[in-house]
Amino acid sequence: MSNAAPPSDTIVAALIVAGGRGTRMGEGKPKLYRPAGGETVLRRTLRTFAAHDGIDLIQAVIHPDHIADYEEAARGLPKLLPPCSGGGERQDSVRLGLRALAVHTPGRVLIHDGARPFASPDLITAAIEALDSHQAALPALPVVDTLRRGHDGRAGETLSREALYRVQTPQAFSFQAILKAHETMAGTSHTDDAAIAQACGIEVALIEGEEDNFKITTAPDIERAERLIKAREQRGMGQVRVGMGYDVHRFGPGESLMLCGVEIVHSHGLIGHSDADVGLHALTDAILGALGDGDIGSHFPPSDPKWRGVGSHLFLAHAARLAAEKGASLNHADITIICERPKVGPHREAMRARIADILAIPLDRVSVKATTTEGLGFTGRAEGIAAQAVATLEFPAS
Ligand code: MG
C-alpha cells in the first residue's frame, strides 16, 4: 500500500457513527438522543464537525429506528449528507458509512463516535493535519493510573502501564486506504477502525487525545457531560454577541396573516413580498446582526421573484444555518410585537413553539411578548404591525 500523502486540497469527510441502540443506559432513548446542556449529545457532536472549516462533508450512520430523533438532532446544520443505516456491529456500520461516502470521493475521512460530543476543534484539526504525513492517525492519552488485575474482588498482579494508551476518536484515515481495509476485513471483529487499518498493514500515528473527549455510554456519563457544559459556561469560554432586529408591515386586504410563523385569522392581511411575517423578519435580522452578516434584504432581495410569497420560516432557518456554520449557538431569542390587534396573547405559546421548532432550540429559550402603543402612531391607528427582536448567540472561544 502506498504511503503517499493525499493532496492538501482534498475533500475531508467526517463519518459520525451513531448506529448503536445504546442499551447500556437502560430504558428509554439511546444516550445519543439524550439532552445534555440544552441539546442532545448527537447534535452537539454534529454541530462541532459542521462548524469546523476543515470538514467538507458529514455522513452519519444511524439506527433506522431513530430516524426521527436523528432528523431533530441534525436540523438546520450544514454539510450533512442524508444519514445511512448502520449494520449489526459498529464495524459493519462504519463500512456502510464509508461506502455511502465513496461517491463523494473524499481524500480523507475522520471516523468519530457520535457519543463523543466534546472533541475540540483543535483535535479535529490535528487529526486532519496528521494525514499530511501519515495514512492514519488516532488520538490517544497515556495511561497514568496503576493497572492491576482483579480476581473475585481481590487485587491481583500489577501490570506495566508503560507504552499503554487510551484510544479515542476521531480517527483519521486516507479515505481509499480505510475503505479498502474495511472491505477486506468485513466479517471479522475489530475494536476500532485503527485496528482494522493495522490489520491491513497501515501504520497508524498517535496524536494527543483530550481528557474531555470522553464517550457518553452510561447515565453517569450524561451527568459528567452536564457538569462539563456548566463549567465551560461559567468559565465563559464562549463569546456572547447580541443582535437586534426591527420590522414593519402594513395591513392590506385579507382574512388572515402570518405572525411569528403562526397563521392568525384577522380582518386584514399584511402586505409584503414574502408572507410578510414581521415577527420572523425582525428575529432573522437580529440573528444576522449578531453574526455581523448583513440583513434579511441582502440575503433575500425583494427584487428576486423567487422569494415572492414564501414562508418566512425559510429566512429564519437560513440565518440559524449561517450561525451553525460559524459554530455559534443560539442562546436566546426575544420578540416584541407592537400592534393594537390582532390579540397576540391567545397565540403566544404556539408562536414560541413554532420559533423553537424552526431554530431547533429548547422552548424556554424563546420569548414572544406583545404591546400596544396606546392608540398612538401608525400601530395605534391599526395601519400595520411592527416587531422588535433581540437574539443572543454564543461563539466558541477563539
Ligand atoms: Mg419584513
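Is it true that Pro170 is more than 23 Å from Val94 (Cβ to Cβ), out of contact with any Asp or Glu (no Cβ under 7 Å at 6 or more places or on another chain) and either surrounded by 11 or more Cβ atoms within 10 Å (Cβ to Cβ) or among the polar types (S, T, N, Q) (or both)?
Details: more than 23 Å from Val94 (Cβ to Cβ): no; out of contact with any Asp or Glu (no Cβ under 7 Å at 6 or more places or on another chain): yes; either surrounded by 11 or more Cβ atoms within 10 Å (Cβ to Cβ) or among the polar types (S, T, N, Q) (or both): yes.
In short, no.
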> Quick one: how many residues across the range 280-324 are near the ligand (Cβ under 10 Å from one of its atoms) and either crowded, with 21+ Cβ neighbours inside 10 Å or closer than 22 Å to Pro253 by Cα (or both)?
Replying inline: 9
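Going through Leu179, Leu138, Leu131, Leu228 one at a time, which residue ends up being buried (at least 16 other Cβ atoms within 10 Å of the Cβ) and either in contact with a Ser or Thr (Cβ under 7 Å, 6 or more places away or on another chain) or not assigned by TED's automatic domain parsing to the domain that holds Asp53 (or both)? Spell out how you get there, then give the answer.
Numbers: Leu179 fails: either in contact with a Ser or Thr (Cβ under 7 Å, 6 or more places away or on another chain) or not assigned by TED's automatic domain parsing to the domain that holds Asp53 (or both); Leu138 fails: either in contact with a Ser or Thr (Cβ under 7 Å, 6 or more places away or on another chain) or not assigned by TED's automatic domain parsing to the domain that holds Asp53 (or both); Leu228 fails: either in contact with a Ser or Thr (Cβ under 7 Å, 6 or more places away or on another chain) or not assigned by TED's automatic domain parsing to the domain that holds Asp53 (or both).
Answer to the check: Leu131.
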>> So Glu255 passes all but one of these: (1) in contact with a Phe, Trp or Tyr (Cβ under 9 Å, 6 or more places away or on another chain); (2) not assigned by TED's automatic domain parsing to the domain that holds Pro121. Which condition number does it fail?
In response: (1)
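Could you run through the range 163-192 and say how many residues are touching a strand residue (DSSP E or B) at 6+ places or on another chain (Cβ under 6 Å) and not in a loop (DSSP other than H, G, I, E, B)? Steps first, please.
Step one: filter the range 163-192 for residues touching a strand residue (DSSP E or B) at 6+ places or on another chain (Cβ under 6 Å), giving 165-173, 175.
In the following step, the residues that additionally are not in a loop (DSSP other than H, G, I, E, B) were identified as 165-167, 171-173, 175.
The number of residues fulfilling the criteria is 7.
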>> What's the number of the only condition in (1) of a type in the set (A, V, I, L, M, F, W, C); (2) in contact (Cβ under 8 Å) with a residue 60 or more places away in the chain; (3) buried (at least 18 other Cβ atoms within 10 Å of the Cβ) that Ala370 fails to meet?
In response: (2)
> Take the residues of the range 254-278 that are outside any loop (DSSP other than H, G, I, E, B) and within 10 Å of the ligand (Cβ to nearest atom): which is surrounded by the most Cβ atoms within 10 Å (Cβ to Cβ)?
Replying inline: Val278
> In the range 239-253, how many residues are within 24 Å of Leu330 (Cβ to Cβ), surrounded by fewer than 14 Cβ atoms within 10 Å (Cβ to Cβ) and modelled with pLDDT of 95 or more?
Replying inline: 1
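Okay, residues lined up against (1) farther than 15 Å from Glu208 by Cβ; (2) touching a residue at least 40 places away in the same chain (Cβ under 8 Å); (3) charged (D, E, K, R):
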{"site": "Thr125", "(1), (2), (3)": "no, yes, no"}
{"site": "Leu147", "(1), (2), (3)": "yes, no, no"}
{"site": "Gly150", "(1), (2), (3)": "yes, no, no"}
{"site": "Glu157", "(1), (2), (3)": "yes, no, yes"}
{"site": "Pro170", "(1), (2), (3)": "no, yes, no"}
{"site": "Ala177", "(1), (2), (3)": "yes, yes, no"}
{"site": "Ala186", "(1), (2), (3)": "yes, yes, no"}
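Kindly check whether there is at least one residue in the range 234-241 that is within 13 Å of the ligand (Cβ to nearest atom) and closer than 22 Å to Glu394 by Cβ.
Initial filter on the range 234-241 (within 13 Å of the ligand (Cβ to nearest atom)): none.
For the range 234-241, residues within 13 Å of the ligand (Cβ to nearest atom) and closer than 22 Å to Glu394 by Cβ: absent.
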> Taking only pairs six or more apart or across chains, which ones have beta-carbon atoms under 6 Å, a first residue in the range 258-278 that is farther than 18 Å from Phe300 by Cβ and not assigned by TED's automatic domain parsing to the domain that holds Phe378, and a second residue that is polar (S, T, N, Q) and within 8 Å of the ligand (Cβ to nearest atom)?
Replying inline: none
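Looking at this structure, is Gly245 within 16 Å of the ligand (Cβ to nearest atom), in contact with a strand residue (DSSP E or B) (Cβ under 8 Å, 6 or more places away or on another chain) and in a loop (DSSP other than H, G, I, E, B)? Show your work before the answer.
Working: within 16 Å of the ligand (Cβ to nearest atom): yes; in contact with a strand residue (DSSP E or B) (Cβ under 8 Å, 6 or more places away or on another chain): yes; in a loop (DSSP other than H, G, I, E, B): no.
So Gly245 does not fit the description; no.
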> Any residue in the range 15-35 that is at pLDDT 95 or above and within 13 Å of the chain's Cα centre (by Cα)?
Replying inline: yes
>> Against the definition (of a type in the set (Asp, Glu), outside any strand (DSSP E or B) and surrounded by 14 or more Cβ atoms within 10 Å (Cβ to Cβ)), how does Glu210 come out, yes or no?
In response: yes
>> Of everything in the range 52-66, what is surrounded by fewer than 18 Cβ atoms within 10 Å (Cβ to Cβ) and either modelled with pLDDT of 95 or more or part of a strand (DSSP E or B) (or both)? Give them in sequence order.
In response: Gly54, Asp56, Leu57
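The values are calculated or read from the model by the stated rules, or taken from the named source; none is laboratory data. Since the structure is predicted, the reported quantities are computational estimates derived from the model, not experimental observations. Heads up, the Cβs are rebuilt from the backbone with ideal geometry, glycines too, and the neighbour counts pull from every protein chain shown.
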